[in-house]
Amino acid sequence: MPHSVLWQWIAPRWRGWVLPGMVILLMLYTADQLFTGERGMVTWRVMRSQIADLQADIAQIERQNATLNGQIDRLKGVKQPDGSFSPPDKDFVDELLRRDLGVLKDGEAVILLEGTR
């Protein structure tokens, strides 16, 4: 019996706060998700900065790719209209041999300085 007396006292008061309480909790949850959720504003800003960094990386890689393609073209030679290639750029080949492989001609000497390699 004491349970029913207590429930009769709580029930009218409880029912008046359930709907507003649920609405407030739903609004708080929505606001939290808006700012800190998986697709919230904070995540959106972080992703925008990551996109800017990745676009800068892409631009740098494209510049490196263009440089390497230019070097490949110099090594292969220019493609002729008949489909053959002209001879490679001999000065460029000589530069690569000297720089990367250390190839020397007769009578040449190499002077190594600290911090140059």
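Laboratory data are not the source of any read-out in this text; all were calculated from the coordinates shown. Since the model is a prediction, treat every value here as computed from it, not as a measurement. Counting neighbours? That spans all protein chains shown, and the Cβs are built from the backbone with ideal geometry, glycine included.
Placing unit charges on C-beta atoms (Lys and Arg positive, Asp and Glu negative, everything else neutral), compute the dipole magnitude of the chain about its Cα centre in debye, rounded to 20.
On the way: 14 positive and 15 negative charges, 193 e Å.
About 920 debye.
Relative to the first principal axis of the alpha-carbon coordinates of the chain, what is the inclination of helix 41-76, with its axis defined by its Cα atoms, in degrees from 0 to 90 and to the nearest 10?
10 degrees
For percent of Cα pairs over 18 Å apart, pick the label among (1) 79; (2) 47; (3) 64 that corresponds to the value derived from the coordinates.
(1)
With point charges of +1 on the Cβ of Lys and Arg and -1 on the Cβ of Asp and Glu, referenced to the Cα centre of the range 2-101, which listed residue (Val42, Met27, Ser4) lies farthest in the positive direction of the dipole?
It is Ser4, whose Cα lies furthest towards the positive end.
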